[in-house]
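First the structure, in the form of structure tokens, and then the observations on it.
Since every read-out is calculated from the coordinates, none of them should be taken as a lab result. Predicted model only: the values in this text are computed from it and were never measured. With ideal geometry, Cβ positions are generated from the backbone for all residues, glycine too; neighbour counts draw on all protein chains shown.
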Amino acid sequence: MRREKEEIAVLVRPTPEKSKRNGEGHAVGVTGINKDGDLLRLYPLRFRYGEGLVDFRRNDLLEVTVTKPENDPRLESRKVLDYVNLEQPAKNREIKELILPLVTSLEKLNIEGVSLGVIKPELLDIEVRVNSIDTYDRQQYFNIMGDFLEKGEKARMPVEIKYTFRCEGEEACRGHKIVLLDWELNETVRNIVREERDPGAVKKKIREQLFELLKERELYFIMGTHFIYGTWMITGIFCPEKEGNNQSSIFDFRQEKTVAEMEKEQPALNR
């Protein structure tokens, strides 16, 4: 098969899946965008758990050697043979310039018959289902997520998040309710569960971080279809900060300490 080289900026790092070859190591797929503004689904980028995990992040520029996949008919899909991190991450404004011409609606994406797309959502609600508050290490969590991706509703994630939204500017849109599978945001959720042991507190914090905060930001959903079921999923979120505005990142959750907790940490005086 013909090999090609592409230089892409990483838009989405989905949750890694355990290798189906021999059960060792993990593989991660990437949704990227090239200089021509084409969205590409790249898989697999392989790594071994515990060896530095994945050596790239969103916005990083990768040079990938790709070919057509044997068993994935989706037009945007490419099989990755090799990749190099160019160590030159793109700025959010550069990413925004690339994706703005692609912004559309799910209704139009369905008509076009594509499997990747970018929409600008009008957030209406968030559904948070806490199935387990057990603390998982990354490998366990990756495996659980992999089961969910492969088996769909038959397998449950520890915390499932679905957004209810309308496609902004689309008169034909009657609203959608779609699951979120963004890796970085699921890491945020994992951190929240680690800090908050009460399911009600977990739901409250997730709603604050991933709904109330997002409603105040410029927001885009990177959408992709499930390989088996063909249903749409929110595979990534892009919310560029405004120029010169020091907004807190939704990807770096830090549990705020209460005054009482800080007082407990201070040494007692004059006892």
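Once the Cβ-Cβ distance between Lys96 and Glu4 is put in as r, and R0 is 30 Å, what FRET efficiency do you end up with, to the nearest 0.05?
It comes to 0.70.
Excluding Glu97 itself, what net charge comes from residues whose Cβ is under 12 Å from its Cβ, given Lys and Arg +1 and Asp and Glu -1?
Residues near Glu97 contribute +3 overall.
Can you figure out the FRET efficiency of Glu112 with Gln88, using R₀ = 41 Å and their beta-carbon distance, to the nearest 0.05?
My answer for the efficiency is 0.80.
Say the cut-off is 32 Å between C-alpha atoms; which of Lys79/Lys205; Lys96/Lys177; Lys79/Lys203; Lys68/Lys203; Lys108/Lys162 go over it?
Beyond 32 Å between Cα atoms: Lys79/Lys205; Lys79/Lys203; Lys68/Lys203.
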